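Enquirer: Questions regarding the structure given below will be posed in turn.
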Amino acid sequence: MNMLNIRNKFLAALATIMMLASCEATDQELFDEIPQDVALTTADATALQAFAAGAYKPLVGNWGGHNSLWSLHEVSSDELVITQKGADWEDGGQWIRVHQQNYQPAEQSVGNGWGYCFSSIATVNNLLKSFGTNEILRSELEVLRALSYLWLIDAYGNVPIITEIDTDPTPPTKTRAEVYAFIESSILNNIDNLPATKTYTTVNFFVAQAMLAKLYLNAEIYKGTPEWQKAADACQEIIDGGVYSLEANFFDNFKSDNAASKENIFVINYDKNNGTGFNLPQMTLHYSSQATFNLQQQPWNGYASQEEFYNSFDTDDARIRSFLAGPQYSSTGARLTDLSAEPTDPDGADLTFTPEINMLFPNAFRQAGARVAKFEFPTTSGPDLSNDFPIFRYGDVLLMRAEALWRLSSGSAEALSLVNQVRARSWSGNPLASLTADALLAERGREMFAEGWRRSDLIRFGKFNEAWWEKAASLPTKNIFPIPQGQIQVNPDLVQNPGY
Amino acid sequence: MTKLYLYSSRVLAALLVLVSSVAWAQQSVSGKVTASDDGSAIPGVNILEKGTTNGAVSDADGNFKINVGSNATLVFSFVGYTVQEVVVGNQSAINVSLVSDITSLSEVVVIGYGTQEKKEITSAVVSVSAKDFNAGNQTSPTSLIVGKVAGLSVVRPGGDPNQSPTLRLRGITTFGGNSSPLIVIDGIVGASLDNVDPSDIATMDVLKDGSAAAIYGARGSSGVILITTKSGKGGKGAYANVNYNGFISVDQVANKMDVLSASEFVAQGGTDFGSSTNWFDELTQTGVSSTNNISIEGASGNTTFRGAVNYRDNNGVVKGVDFQRLNTRLSLTHAALDGKLRFNLGLTYNDRDQESINLSAFRYATIYNPTAPIFETGETFGGYFQRPLFDFYNPVALSKQQQFIGERKNNLSNYRIEYDVIENLTLALNYSTDKETGLNGSYWSKKDFATGFGSGGQARRDTYENERRLFEATAKYAKGFGDLNTEFLVGFADQVVNNEGFAVQTRQFLYDYTGFDGIDFGAIRNGANTEASSYANQDNLRSVFGRANLNYKGTYFLSASVRGESYSGFGKNEKTGYFPAVSAGVQLTELVDLGPVSNLKLRASYGVTGSLPPASNLAIARFGPGGILDFDGDPLTTGDQYVSLTQISNGNPTLKWEEKTEINVGVDFGLFDNKLTGSMEYYTRNIDDILFNVQIPPGAPNPFDPINEPANVANNAWANIGSISSAGFEFTASYNDVKLGPINWTPSLNFTFYDKATINSFKVGELGPGELRLATPGSPGQNNNEIIRNIPGQTLGNMYGPIFSGIDENGKYVFPARFLNAQGVLDPSKFEVIGNGLPDGEFGFTNAFSYNNIDLSFLLRGAWGHDLYNSYRGFYENQDASSNSWNSVVTDKTPFVTSAPTFSSLYIEDASFIRLDNVSLGYNIPVKGGAFSNVRVYAAGQNLFTITKYTGIDPEVRYNDTENGNSFESNLAPGIERRNIYATTRTFTLGVSFKIK
């Protein structure tokens, strides 16, 4: 073979390869995920459904799990407590601080609650940017965004308002009154585009009215001037709609397959398989309770009810079944034991949930405290429940209208009748003769236990800063949570709430 | 053909001998020339009668015959070996053993894309060859050079045979990028270490400084380890040798935590189940492993070859932890056109099966109630004793009822053509594929109390394929211009990496019988504890590079290089980076006579390298499948169920590489004719544009491109922010063959002083944390108190906590008031630095002795100045209420504490240590003639003793946190010994090796 020939071919081949191969790498492709230019431009009807699903999905995220906004609302109120049991549940003291309303800007739960709301807001804004010309979808999304702001105004008060047209990467803090106005206009501008039919997991006309009711009911707290009549009117719109009614059995609203509830207006769509994150059995039950429900995983022995709150329930009130208390048994009827029970525990090793709790920390008894059982725990449950979590419920609407009417006129007969209507379902034969602030608050407590509204109710009734078990009186600045430390670090235009 | 060649070369040799004997027939001398390192015959050795032109050449078997005059001296010389002179006297038979020329300055060092003589090297490069490798049962290539290279840490805390060592070169270089050195196997950049069996490695070269590594551009920041495998040697004529090496090793538990005995536990108030069990002993065993290695190497005509097969059967000290590995390697080289055209083929196949257990069994074996029996009556849990207490699982049951297996196959194929186009110019094309496929299976029995019981039995299978295809073209031009020798290199590389895989998990099995082999026996295939998932990704890296090496009179040396790298995973505004380097050196002994100083070279280098982002898709906003939304909430109607499209990451079009700038100054020295050799290095390095997953405000517009990128759905994005810097001093020295009477002693010492990495900043503009708190001790009760804080201006990985000042009369912790808030409770904002997990220094001290046919070598190794958080003490030594279910660990540091365990300086221990890491003793059995040669028996011991004040399991440096799956956060949390640490082991090995011709 001719050597020169080989050499030339070799050189030619090399030169060709070097020329063909551009020295810039290819653009990054995605194979198992979808890039932005595909994701936010495909707009056929099915894709829009999926996008709408995507807008609601962030709500499923961290609401019904531990360290969530729900955890903050419940543990900072007089309903639930997470005691420290020796080394167990010390967790840096977060839950003791939250119980004592001494929460700090660096608390994980404070950061989680913020992220939960703003992730949903960003998802909505991204969809509005791409599909905002679809008027029906726009209305639904703007009201959904207002729901996140409804949580934010209640929890954090002063937060940035971000819409799809904003381009400032460090959006500044707005006052609580400005946030109030934004929520109100977002709902009012869009409410007439929403369907006035039952939707259950998505926003409709009645969900928007329920949001308005919550906003107006707390208007005095949020912006300094009350809006009782508007609150009462919004509730009346829902009552007049005739789409919802009270379930005969209170607990049907919280059972595992509660999709048929006539009472639930808007739920977070949890599913043990497809929509996970509602971990209540793990969060509240004792380790040994695994055998009661044949749970797939051992529970964590965390959340329990405070004794005084438990005692606000009458034994004749069916709603007392919202708690698990007393001696505990396995699914086959065997008495459960806790071999690690403290030697000083008067109940000994036999597992008994006593409403009384010996101390907040450091050595609370492992068995102390009634547990949350309002939501059904089906046997053989995994850590994730299928019970949809009601955010707005007809029973709450009736009580809200009752309260608004009572605030307008303490002798309102309709107010008394509405409260007794709700009360009679679970505690028949014991109607209230008249309404007082304490009676209304207690009734709301029994009806709305563990649904995440107690903190807001206590603030509205002026009770949140009072002293209670293992908690001293607190300053009014504790009525809103601090802006998370992590957020102030990344956004210098945020202003920390006063008192933190 | 082979036979013909053999025959003709023998005839030729015989003729030569005959001719010379005719001319100078006075005294006949014959003998054999062999190599001192492996005893193999050396053909082609020049044998010259000193002062004459009378000579001979050894034949293919190394035999020679020569006739010499009286008082003759024979001079034996061969390339790569020290010239040896032998006075003939009246001997008629002279056998000569030539010593490999290792200490000479002509030693060849492998650098990126080529080799260089050691005397020309101007950057920090260390070469370790097979004879200096650590002995014993070394299952990982990098274990071979533990303690041999100053500045290279190879750590494998605990004794898990399935765990690969963690590598750090000159400490931490990155946390977002890849912190392990780049591996190059026989020139294949980025090849997986799993492709090569330690037995097949000839040399390992470590490129330590930025200038040496810069030719590898955006992957060079963590240093480079170049592995050269053994291959057939040409130049010896036609031959073929078969080598065998086999050994058996025994593993024993070297260290574990002491706990209370059953009676002590009961006396302390623990629940008494009436039995007495040493759980640790029940979990562990004496592990017996075996390894067999056979290789055939040889040459024929213009073809050289080597084929090898390795089989390892490794059993750890824990029942159910083991692996079997079959590794096959073939390398074939052929030269054509008078050697101008060269072909090289390298094929490797690696087949590995492994079995492991849930490592938390170690924790339960330490803390499980010692009065509990292993078994009790009742089939619910398979006859094992179990109780429904928090975090309380029978460790024996856990190790038996959860099963994890993995099968892995690696296939590395390399095809190379080199062609000398014109004199001095060589073109090379190289194409390689490196493919790993794996199939894993896991099964949790229906009776496994920890997991399987609740889910009714649970099975998982997953499979994956990772493939790296690399094409490289290089041109090399080497030419001397008078006193100036030059070498130029240019090249182009194109690499495509593909990763893909899928996984399935089902649960609720009727029988345990099929395990993961019958995954469709699982009744539930959707929801918690089940899985159906897949992934696929691909990236592309294109590079151009060039280098010039200049050598003037063997006195002045200069090297300069640059590499341009374009990576698909960079943001679209930052597609290409350039990585330059320059280094220079001067050999002072060429300029002035320094007496006993036979070598003194000063060098300095500057180099820029990079680290790639840890994944290729971090620069772009990605949308993935979220959960499924069921619009009516009724799972029975399926038409209204949609997989939600969820934005799972925020984009950053400015994302690019990390950039490390390193300056290295060094001295190579030799004294007494290079009997004493060594080097010293000082380096400083600055790493900028550190890749970081930063918090960004959720809900706000994208901070990098607020117009085009979607708003921040998640609260984080990858960005280049912040910088760290570090420095160090390295010293290496070796004295060759100190005579201790008849014993030869070669001590080699290396040590490193680290100036630990300092965080300069974590911020660019508003992005980046003011500080980063990481690593909580964990459950129970210590989930929220991060113990490590990375703060700008401070050393990376500082541990923060209160300083323990004692205990009061009730056994409660006492802390100084300055750590407490107004309520008398510990206040994290007042904590101080109480430790750091990074070492101040490390050393390795190897001593090799030889006496006749016996050789002995040992390696002492250690690190100092690093702290460890002893998790076992931090959770389980307190006499608190929980001790009635958990056993307590007892050390000489255990105080009487009744408070709930709380992190403080009490649990931070100085973990400085000295370890007798490796001892080997060998005997070369003299064999006369026959087919067998190089017969050697040897024994080795690994991890024989450790001197340390640390009371945990293993004082080894922890560069990362094993309980943090996020490699980024893991690298920022050094110095934590977690509770699932595998027991350390002590290994004894007995082996034999020989050669057959």
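Enquirer: Roughly how big is region B:461-570's charge dipole about its Cα centre, with Cβ charges of +1 (Lys, Arg) and -1 (Asp, Glu), in debye to the nearest 20?
Expert: Charge dipole of region B:461-570: 620 debye, to the nearest 20.
Enquirer: Nearest 0.05, what FRET efficiency do B:Leu944 and A:Asn311 give at R0 = 56 Å with Cβ-Cβ as r?
Expert: It comes out at approximately 0.25.
Enquirer: In chain B, what percentage of the DSSP-assigned beta bridges are antiparallel, given to the nearest 5?
Expert: 95
Enquirer: Stretch B:Ala733-B:Leu588 to full length: gain in nm at 0.36 nm per residue minus the Cα-Cα span?
Expert: Once the chain is fully extended between B:Ala733 and B:Leu588, it gains 50.3 nm.
Enquirer: Here's another thing I want to ask about it. Compute the orientation-averaged projected area for region A:425-497 from the convex hull of its Cα atoms and round it to one decimal in nm².
Expert: 7.4
Enquirer: Ok, one more. Please state the shape class of region B:755-879: rounded when a/c is under 1.5, otherwise prolate if a/b exceeds b/c and oblate if not, all from the C-alpha gyration tensor.
Expert: oblate
Enquirer: On to the next question. To one decimal place, what orientation-averaged projected area in nm² is obtained for the convex hull of the Cα set of the protein assembly as shown?
Expert: Mean shadow area of the hull around the Cα atoms is 59.7 nm².
Enquirer: Checking the a/c ratio against 1.5 first, then a/b against b/c, what shape does the Cα gyration tensor give for chain A?
Expert: Since a/c reaches 1.5 and a/b is larger than b/c, the shape of chain A is classed as prolate.
Enquirer: Still on this structure, please answer the following. To the nearest 10 degrees, how steep is helix A:135-155 against the longest Cα principal axis of chain A, on a 0 to 90 scale?
Expert: So the helix axis and the longest Cα principal axis differ by about 60 degrees.
Enquirer: Dipole of region B:866-961, Cα-centred, from +1 at each Lys and Arg C-beta and -1 at each Asp and Glu C-beta, to the nearest 20 debye?
Expert: So the magnitude is around 600 debye.
Enquirer: As a footprinting exposure proxy, order B:Glu297, B:Glu662 by other Cβ within 10 Å, with the fewest listed first.
Expert: B:Glu297, B:Glu662
Enquirer: Continuing with the same structure: Between 0 and 90 degrees, rounded to the nearest ten: what's the tilt of helix A:394-408 against the longest Cα principal axis of chain A?
Expert: Tilt of helix A:394-408: around 60 degrees.
Enquirer: Please report the net charge: other residues with Cβ closer than 13 Å to the Cβ of B:Ile183, K and R +1, D and E -1.
Expert: -2
Enquirer: Mean 1/r over all different Cα pairs, inverted: what Kirkwood radius does region B:678-772 give, in Å?
Expert: 17.3
Enquirer: For B:Lys148, B:Lys447, what ranking results if the residue with the fewest other Cβ atoms within 10 Å of its Cβ goes first?
Expert: The order, fewest Cβ neighbours first, is B:Lys447, B:Lys148.
Enquirer: To continue, here is another question. Between B:Ala202 and B:Glu117, what is the label-point separation in nm under the 7 Å Cα-to-beta-carbon projection?
Expert: 1.9
Enquirer: Would you mind computing, in nm to one decimal, how far apart the modelled labels at B:Tyr535 and B:Ile807 are, each placed 7 Å from Cα along Cα→Cβ?
Expert: 4.5
Enquirer: Based on other C-beta atoms within 10 Å, arrange B:Thr946, B:Thr304, A:Thr315 from fewest to most.
Expert: By the 10 Å Cβ count, ascending: A:Thr315, B:Thr946, B:Thr304.
Enquirer: On to the next question. Please give the residues of region B:164-183, grouped as numeric ranges, whose backbone N is less than 20 Å from a label point set 7 Å along the Cα-to-Cβ vector of B:Val833.
Expert: B:171-175, by backbone N distance to the label point.
Enquirer: Which one, A:Thr276, B:Gly639, B:Asn90, is farthest towards the positive end of the dipole of the protein assembly as shown when Lys and Arg carry +1 and Asp and Glu -1 on their Cβ?
Expert: The residue sitting most towards the positive pole is B:Asn90.
Enquirer: If I take R0 = 56 Å and measure r between the Cβ atoms of B:Asp892 and B:Leu332 in this structure, what FRET efficiency does the formula 1/(1 + (r/R0)^6) give, to the nearest 0.05?
Expert: 0.40
Enquirer: For A:83-96, what's the mean count of beta carbons from other chains sitting within 10 Å of each residue's beta carbon?
Expert: Whole-number average of other-chain Cβ neighbours for A:83-96 is 6.
Enquirer: With point charges of +1 on the Cβ of Lys and Arg and -1 on the Cβ of Asp and Glu, referenced to the Cα centre of chain A, which listed residue (A:Val243, A:Leu432, A:Ala325) lies farthest in the positive direction of the dipole?
Expert: A:Val243
Enquirer: Would you work out if region B:190-252 is rounded, prolate or oblate? Take a ≥ b ≥ c from the square roots of the eigenvalues of the alpha-carbon gyration tensor; rounded if a/c is under 1.5, else prolate when a/b is larger than b/c, oblate otherwise.
Expert: oblate
Enquirer: From the convex hull of the Cα coordinates of region A:300-368, what is the mean projected area in square nanometres?
Expert: Averaged projected hull area, Cα only: 5.4 nm².
Enquirer: Of B:Ser275, B:Leu398, B:Ser904, which is farthest towards the positive pole of chain B's charge dipole, taken about the Cα centre with +1 and -1 on the beta-carbons of Lys, Arg and Asp, Glu respectively?
Expert: B:Leu398
Enquirer: Which value in deg cm²/dmol, rounded to the nearest 500, describes the helix-derived mean residue ellipticity at 222 nm for the protein assembly as shown, given -39,500 (n - 2.57) per DSSP H run of n ≥ 4 and division by the residue count?
Expert: Helices in the protein assembly as shown give a 222 nm mean residue ellipticity of -5500 deg cm²/dmol.
Enquirer: Something else: Within 10 Å of each Cβ of A:306-315, how many other protein chain Cβ atoms are there on average?
Expert: Mean shielding by partner chains, rounded to a whole number: 0.
Enquirer: Taking a point 7 angstrom from the Cα of B:Thr637 along the C-beta vector, which residues in region A:199-233 have backbone N less than 19 Å away?
Expert: Once the point is set 7 Å along Cα→Cβ of B:Thr637, A:199-207 turn out to lie under 19 Å by backbone N, inside region A:199-233.
Enquirer: Could you list which residues have their amide H under 5 Å from that of B:Gly835, counting only those 5 or more apart in sequence or on another chain, with H placed in the peptide plane?
Expert: Long-range HN contacts for B:Gly835: B:Met799.
Enquirer: Hey, another quick one. Over the whole of A:123-133, what's the average partner chain Cβ count within 10 Å per residue? Rounded to a whole number, please.
Expert: 3
Enquirer: Sticking with this structure for a sec: Which ³J(HN,Hα) values in Hz, rounded to whole numbers, follow from the phi angles of region B:65-70 under the Karplus curve 6.51 cos²θ - 1.76 cosθ + 1.60, where θ = phi - 60° and Gly and Pro get x?
Expert: 8, 8, 9, 10, x, 6
Enquirer: Quick one: in region B:256-316, what % of C-alpha pairs are over 16 Å apart?
Expert: The proportion of pairs with Cα distances above 16 Å equals 70 percent.
Enquirer: Using only the alpha-carbon atoms, how far is helix B:2-23 inclined from the longest principal axis of chain B? Give it as 0 to 90 degrees, nearest 10.
Expert: Helix B:2-23 and the main axis of chain B meet at about 40 degrees.
Enquirer: Mind putting a number on the dipole of the protein assembly as shown about its Cα centre? Charges go on the C-beta only, +1 for Lys and Arg and -1 for Asp and Glu, and I need it in Debye to the nearest 20.
Expert: The dipole magnitude comes to about 4420 debye.
Enquirer: Right, another one. Sorted from largest to smallest, which semi-axis lengths in Å does the alpha carbon gyration tensor of chain B give for its equivalent ellipsoid, taking the root of 5 times each eigenvalue?
Expert: The equivalent ellipsoid of chain B has semi-axes of 54, 34, 30 Å.
Since every read-out is calculated from the coordinates, none of them should be taken as a lab result. Since this is a predicted model, take the numbers as computed values, not measurements. When we count neighbours, we look across all protein chains shown, and the Cβ atoms used for this are built from the backbone with ideal geometry, even at glycine.
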